[in-house]
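Input: a single structure, listed below in structure tokens.
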Amino acid sequence: MDEKKLVAFLKQSREILGDFFTAGSLALLPVIFSSLVWAVNRRGEVRKKILEVKVWLEPETLKNKPADFVLDFFENNPELRAAYEEEIKTRDFRALRPAFRALYPVLGLQDPFLEKLFSSELKNHDYRRLVAEFRTRLEGALLEIRAAGKRENFWKAVDRVCGEFLNLGWTLLTEDEVRELLKKAIEKM
Amino acid sequence: MAPKGKKTALSKGILPGVVVVLILSLLFSGCASSLQKAKLHLAGAQDRERSFRTEEAVALYRKSLEEAEREIGKRPSAQAYMIKGLAEVKLARWPEASRSFSQAAALGDEKAESWAREVSLLGLAISLQEQGLAGPALRLYSVLSERGKFSPVVQAALGRLVDSQLELLPAQPEREREKIITKSIGIVEKALDSDPACGYYHYLLAQLLGHGGKYRESFEEAVMARELGLPKLELQRDNDNQIVFCYRRLRESLVGEEWAEFSRTYRLWINKWKWPDEETPDWKRR
């Protein structure tokens with residue numbers, strides 16, 4: 001599928017799913033983006049993956065990662081290393097740990113929903129803002145999804161969009177390739 | 001028309017066979033009871049779980065649950081409640097699973113009673129922990145992980161027990177930390193003795209060994225976890241990150257032949273997994 005067709009498909013998806021959200025919704029584009037990525041990655045799991053985003057953010061094992069692992073995460077990402085230079089130098093885990101809990105699911109585990117929800121911060125490498133707004137923005141987006149999910153046919157509409165996307169042959173690409181193509185196309189919408 | 005000399009699918013007798021199977025499966029899907037469908041989906045899910053196709057397994061457990069609920073609506077039976085309970089356990093819906101097993105027990109299934117008890121104890125422990133009563137919750141996790149008979153409950157209890165132990169680490173002095181880690185490693189190793197093919201136990205062990213700074217062993221356990229499969233995508237990704245973390249740590253600490261040997265082993269594994277380089281798992285963007 002060429003880019004024009006993909007943009008047209010995304011516009012159509014935004015119209016279909018947009019009816020379930022209020023104007024200026026935080027959650028609409030992350031829902032579209034993550035649904036399509038999850039659909040390519042694992043069919044039949046889209047609804048569950050969207051609904052469980054909050055649950056899998058904080059398994060205790062992530063909360064309890066050793067200090068060396070946390071430090072390694074910051075030190076081996078050049079942009080994070082620059083953004084948290086002082087904290088890394090002074091081993092300030094009171095600052096690094098809460099930042100890790102927000103940044104690891106986005107950058108370390110690459111959750112597509114969070115990636116889209118914080119796309120502007122990621123684009124601008126504004127990691128401190130991402131950390132500061134993580135909780136409130138995520139809660140807001142999940143509230144919107146819960147409200148949309150209560151409306152008749154929302155999940156059917158999500159499934160339909162995913163089904164149409166898969167019918168266009170996207171399963172031949174890797175998750176990575178799909179993410180990149182979608183990101184470019186969403187910017188052109 | 002088929003080329004001369006070449007047998008067509010029809011002449012080989014393949015096509016009629018396919019058609020018969022197709023007709024039979026269509027007939028079956030139309031006529032099969034919800035109980036049969038629930039059983040089929042459950043068996044399919046277990047089959048995929050054994051082949052480490054966990055995402056497909058979860059989707060089938062959900063289908064199995066739907067069919068079992070439909071069957072219970074029409075003809076409640078011990079078998080239908082057992083299937084419902086098993087699917088709910090796999091989907092981590094503990095309170096519902098406990099109720100289903102209790103119903104199955106009431107309708108005469110002997111196994112169901114002890115499963116219901118274990119599942120309900122786990123549910124109780126989780127809710128105690130959520131309400132801030134960590135002590136009693138830990139005791140229950142410990143009992144279930146050591147004496148439980150129902151493996152999904154044992155795994156969940158063990159995971160929570162280890163997490164609770166790790167939570168204590170930051171506030172402890174060095175010697176206490178070591179004791180907690182050693183004790184937790186012992187608990188997981190014991191569980192591995194009885195179920196060595198459980199990828200999740202190897203994942204837990206890799207995490208604990210990482211806490212103890214034993215990066216070579218942690219790497220080996222993480223490799224085992226990856227090879228045996230993990231129940232959730234986020235755990236698989238976290239496990240891959242653990243592998244990369246161990247690689248970086250060992251690169252700093254190993255020298256000479258020891259490093260060369262580890263490096264060779266590492267390359268063999270990442271080639272097998274088709275990672276683009278030593279520090280980039282296949283799913284990660286570069």
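The values are calculated or read from the model by the stated rules, or taken from the named source; none is laboratory data. Being a predicted model, the structure only gives us computed values, none of them experimental. Neighbour counts are summed over all protein chains in view; Cβ atoms, including those assigned to glycine, are modelled from backbone coordinates with ideal geometry. Accessible surface areas use protein heavy atoms only, side chains included; no ligands, DNA or RNA. Shrake-Rupley method; radii C 1.70, N 1.55, O 1.52, S 1.80 Å.
Descriptive notes on the structure:
- Filtered residues of region B:241-286 (kept if of a type in the set (Asp, Glu) and within 14 Å of chain A (Cβ to nearest Cβ)): B:GLU252, B:ASP277, B:GLU278, B:GLU279, B:ASP282
- Odd one out for B:SER194 among (1) open to solvent by 60 Å² or more (accessible area, probe 1.4 Å); (2) within 23 Å of B:ARG249 (Cβ to Cβ); (3) not aromatic (Phe, Trp, Tyr): (2)
- Within region B:220-240, tally of residues that are open to solvent by 50 Å² or more (accessible area, probe 1.4 Å), closer than 23 Å to A:ASN77 by Cβ and either within 10 Å of chain A (Cβ to nearest Cβ) or touching a His at 6+ places or on another chain (Cβ under 8 Å) (or both): 1
- Meets criteria (more than 13 Å from every other protein chain (Cβ to nearest Cβ) and closer than 26 Å to B:GLY229 by Cβ) for B:VAL153: yes
- Failed criterion for B:LYS149 (all others in (1) at pLDDT below 90; (2) assigned to a helix (DSSP H, G or I); (3) open to solvent by 50 Å² or more (accessible area, probe 1.4 Å) hold): (2)
- Yes/no for A:SER13 being modelled with pLDDT of 85 or more, farther than 29 Å from B:VAL58 by Cα and open to solvent by less than 80 Å² (accessible area, probe 1.4 Å): no
- The listed residue being in contact (Cβ under 8 Å) with a residue 40 or more places away in the chain and at positive phi, out of B:ALA156, B:ALA92, B:ALA87: B:ALA92
- Count - residues of region B:251-268 that are closer than 14 Å to B:GLU220 by Cα and among the aliphatic types (A, V, I, L, M): 1
- Any hit, region B:66-76, residues being open to solvent by 50 Å² or more (accessible area, probe 1.4 Å), within 14 Å of chain A (Cβ to nearest Cβ) and modelled with pLDDT of 85 or more: yes
- Test: B:GLU217 is among the acidic types (Asp, Glu), out of contact with any Cys (no Cβ under 8 Å at 6 or more places or on another chain), open to solvent by 40 Å² or more (accessible area, probe 1.4 Å) and more than 12 Å from chain A (Cβ to nearest Cβ): yes
- Region B:188-206, residues that are more than 15 Å from B:ALA157 (Cα to Cα) and more than 16 Å from the chain's Cα centre (by Cα): B:ASP193
- When each of B:GLU113, B:GLU130, B:GLU176 is tested for being within 14 Å of chain A (Cβ to nearest Cβ) and surrounded by fewer than 21 Cβ atoms within 10 Å (Cβ to Cβ), the lone residue that passes is B:GLU130.
- Filter result for B:LEU209 (within 12 Å of chain A (Cβ to nearest Cβ), at pLDDT 90 or above and over 24 Å from B:ARG147 (Cα atoms)): yes
- Residue check, B:LEU204 in a helix (DSSP H, G or I), open to solvent by less than 60 Å² (accessible area, probe 1.4 Å), in contact with a Ser or Thr (Cβ under 9 Å, 6 or more places away or on another chain) and not hydroxyl-bearing (Ser, Thr, Tyr): yes
- Considering (1) surrounded by fewer than 19 Cβ atoms within 10 Å (Cβ to Cβ); (2) touching a residue at least 40 places away in the same chain (Cβ under 8 Å); (3) under 22 Å from A:GLN110 (Cβ atoms), the lone condition that B:LYS274 does not fulfil carries the number (2).
- Pairs, first farther than 20 Å from A:ASN167 by Cβ in region A:19-39, second of a type in the set (Lys, Arg) and open to solvent by 20 Å² or more (accessible area, probe 1.4 Å), C-beta under 6 Å, six or more apart: A:PHE20/A:ARG151; A:LEU29/A:LYS116; A:PRO30/A:LYS116
- Residue satisfying all of: in region A:110-133; surrounded by fewer than 22 Cβ atoms within 10 Å (Cβ to Cβ) and either under 23 Å from B:ILE243 (Cα atoms) or among the acidic types (Asp, Glu) (or both); nearest to the other protein chains (Cβ to nearest Cβ) among these: A:GLN110
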